[in-house]
Amino acid sequence: SASQFDKRVYYHTHDITSALRSGCNALGVILGYGLFKQFASDAWDFHKTPWRSHLKLLCQLHVTYRDGSESVMYSDESWKHASSPITYNELRTGEFYDARKEIPGWSEPGFDDSDWKQAPIVTGPGGKLCSMQMTPIKATGTIKPKALTEVKPGVFVYDLGQNISGWARLKAAGPEGATVTLRFAEKVLKNGALDSGNIKSLVHSEDFQTDRYTFKGKGIETWEPRFTYHGFQFVEISGFPGVPSLDTIEGVVVHTGLDSRGGFECANSTLNAIQMATRWSDLGNYHGFPTDCPHREKNGWMGDAHLSAEQLLLNFAPMSAYRKWLRDIFDTQRPNGQLPCIVPNSSWGFNWGSGPAWDSAALIIPWALYTYCGDLDALAEHYASMARYLDFALSMRKADGTIEFGLGDWCPVDWKRICPPNITDTAYIYVDAVILSISARLLG
């Protein structure tokens with residue numbers, strides 16, 4: 001799970017009782033990079049994070065027997081490792097898979113691992129270990145394509161009829177070594193060809209939102225990626241052996257598994273459509289933390305998050321997800337109280353892109369959790385850090401008492417009539433001060 005890995009590293013706990021069998025058992029793990037290590041450069045310097053390193057694993061298996069005794073097995077130098085069929089994976093670009101490199105039975109008892117390498121002891125990312133208590137990311141449904149168009153010889157474009165976050169599941173047969181390329185976008189040109197010009201400029205890679213699958217050549221093969229996701233309505237497929245059909249792929253909807261806890265419906269079809277689009281946007285933009293978009297950036301922009309917090313809490317149950325993200329936010333806080341504009345953070349965005357209209361998520365979201373859920377825990381946990389931020393912001397006051405630093409109103413309806421930042425910044429700091437004042441009384 002994404003975090004400030006040099007400050008906090010989350011571990012996941014799984015109940016594997018149903019997987020245990022009498023006699024010998026084996027434990028196998030596939031590792032992917034996520035935000036821990038990015039290869040392609042981008043506008044936010046995630047390819048330069050201080051914690052980026054090789055893949056690494058910390059694992060314990062606790063088994064409790066019927067007589068109450070317990071045994072613990074853990075990852076150590078007796079473990080072995082090898083390369084998998086996943087030849088490349090990156091959160092913002094995609095995943096490449098070569099089925100010819102599959103290793104049958106690799107995670108089963110009795111597998112011959114004599115030619116595998118011993119696992120070395122390595123340093124951790126640096127952050128303290130914490131249990132992940134957040135609702136996990138999961139696949140929540142599938143969508144069949146509505147249309148398929150051959151836009152030029154050998155290049156086909158699917159239309160799902162709905163913008164989603166997730167990936168495409170491929171099901172097809174092909175000769176050994178044939179490689180299919182899948183590209184993802186939310187727009188097409190007039191001729192039906194994929195148009196990703198509006199979303200790919202900030203991630204500097206030709207493989208932006210691109211997956212590749214190489215066939216092993218043994219009948220029908222089914223594949224979907226594990227360590228990436230895309231935002232898309234349209235899928236381009238090229239290199240396919242023959243002519244694909246509408247059944248060759250399906251869209252898999254993936255997001256943090258937020259439970260629904262509210263809704264809205266009325267006699268006005270326009271309002272109903274807005275509500276439906278809002279819910280889709282909520283789900284498409286929650287992948288471990290609230291993002292601005294599931295394709296172009298995948299960033300946890302603070303302003304986007306606090307502006308949508310009220311309706312998200314009315315529609316869904318993001319409470320545990322918010323609590324986790326708030327810890328990430330304050331893990332980025334500088335000693336003087338300053339906050340960045342995006343979280344998780346590579347060290348980018350403290351001196352550009354931030355400002356009270358964005359930073360105030362650190363106070364507004366804990367306050368929203370209290371307002372809509374009656375939950376004081378976030379306010380209590382982060383009160384001192386919230387006060388430190390307010391002190392920092394007040395230290396930026398000008399002679400006239402107003403505050404002006406950061407982006408201000410980033411998306412006005414009319415750029416010729418943009419609201420001066422000192423108005424929005426001062427107003428947000430006033431709101432922050434009110435939140436902190438009421439919180440102080442509530443917390444005694």
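Report the charge-dipole magnitude of the range 164-228 in Debye, nearest 20, computed about the Cα centre from +1 at each Lys and Arg Cβ and -1 at each Asp and Glu Cβ.
The dipole magnitude comes to about 140 debye.
Highest mean first, how do 42-49, 417-424, 71-78, 228-235 rank when packing is the count of other Cβ atoms within 10 Å averaged over residues?
In decreasing order of mean packing, 42-49, 417-424, 71-78, 228-235 become 228-235, 42-49, 417-424, 71-78.
Ratio of alpha-carbon Rg to the 2.2 N^0.38 Å globular estimate for the range 154-269, to two decimals, please. Mind showing how you got there, number by number?
On the way: Rg = 16.2 Å, N = 116, 2.2 N^0.38 = 13.4 Å.
Against the compact-globule rule of thumb, the ratio is 1.21.
Considering only protein heavy atoms, what per residue accessible area in square angstrom results for the chain with a 1.4 angstrom probe?
Values: 22170 Å² over 444 residues.
Here the per-residue accessible area is 50 Å².
Positive end of the dipole of the range 234-354, charges at C-beta (+1 Lys, Arg; -1 Asp, Glu), about the Cα centre: which of Gly242, Thr291, Cys266 has its Cα farthest in that direction?
Thr291
When the chain is treated as a GNM, springs tying every alpha-carbon pair under 10 Å, which of Ala427, Ala277, Ala185 comes out with the largest mean-square fluctuation?
Maximum fluctuation in the GNM of the chain, among the listed residues, is at Ala277.
Translational D (Stokes-Einstein, µm²/s) of the chain at 4 °C and 1.567 mPa s when Rh comes from the Kirkwood sum over C-alpha pairs?
Estimated diffusion coefficient is 53 µm²/s.
Please report, as a whole percent, how much of the solvent-accessible surface of the range 363-441 comes from carbon and sulfur atoms (probe radius 1.4 Å).
Its accessible area is 60 percent carbon and sulfur atoms.
Anything over 28 Å Cα to Cα? Flag those among Lys56/Lys218; Lys48/Lys190; Lys56/Lys200; Lys144/Lys200; Lys190/Lys218, in the order listed.
Listed pairs above 28 Å: Lys56/Lys218; Lys48/Lys190; Lys56/Lys200; Lys190/Lys218.
Once a ≥ b ≥ c are taken as the square roots of the eigenvalues of the Cα gyration tensor of the range 90-155, is the result rounded (a/c under 1.5), prolate (a/b larger than b/c) or oblate (a/b not larger than b/c)?
oblate
Sorting check: for 263-272, 205-214, 309-318, which peptide has the highest mean count of neighbouring beta carbons within 10 Å, and how do the rest follow?
Result, highest mean Cβ count within 10 Å first: 205-214, 309-318, 263-272.
Would you calculate the volume per residue, in Å³, of the smallest convex hull containing every Cα atom of the range 29-175?
Hull volume normalised by residue count: 240 Å³.
Give the span of the range 71-118's Cα atoms along each principal axis, as three whole-Å numbers ordered largest to smallest.
Largest first, the range 71-118 extends 40, 23, 18 Å along its Cα principal axes.
So, by mean Cβ neighbours within 10 angstrom, what's the order for 335-345, 354-364, 55-65, 216-226 with the highest one leading?
354-364, 335-345, 216-226, 55-65
Pull up all non-local amide H partners of Thr87: gap of 5 or more, or a different chain, and H-to-H distance under 5 Å with H placed in the peptide plane.
Answer set, sorted by chain and number: Phe96, Tyr97, Asp98.
Among the complete DSSP H segments of the chain, which ones combine at least 15 Å of alpha-carbon extent along their axis with a mean Kyte-Doolittle hydropathy of 1.0 or more?
On the way: long enough: 269-284 (22 Å, -0.11); 319-331 (18 Å, -0.62); 361-373 (17 Å, 1.44); 377-394 (25 Å, 0.19); 421-442 (31 Å, 0.78).
The qualifying helices are 361-373.
What are the residues whose amide H is under 5 Å from the amide H of Lys7, where those residues sit 5 or more places off or on another chain and H is modelled from the backbone?
When sequence neighbours closer than 5 places are left aside, the close amide H contacts are Gly127.
What's the magnitude of the charge dipole for the range 385-444 around its Cα centre, counting Lys and Arg as +1 and Asp and Glu as -1 at the beta-carbon? Answer in Debye, nearest 20.
80 debye
The values are calculated or read from the model by the stated rules, or taken from the named source; none is laboratory data. Owing to the predicted nature of the structure, the values given are computational and were not obtained by experimental measurement. Please note: Cβ atoms are built from the backbone with ideal geometry, for glycine as well, and neighbour counts cover all protein chains shown. Side chains included, ligands, DNA and RNA excluded: accessible areas come from the protein's heavy atoms. Shrake-Rupley method; radii C 1.70, N 1.55, O 1.52, S 1.80 Å.
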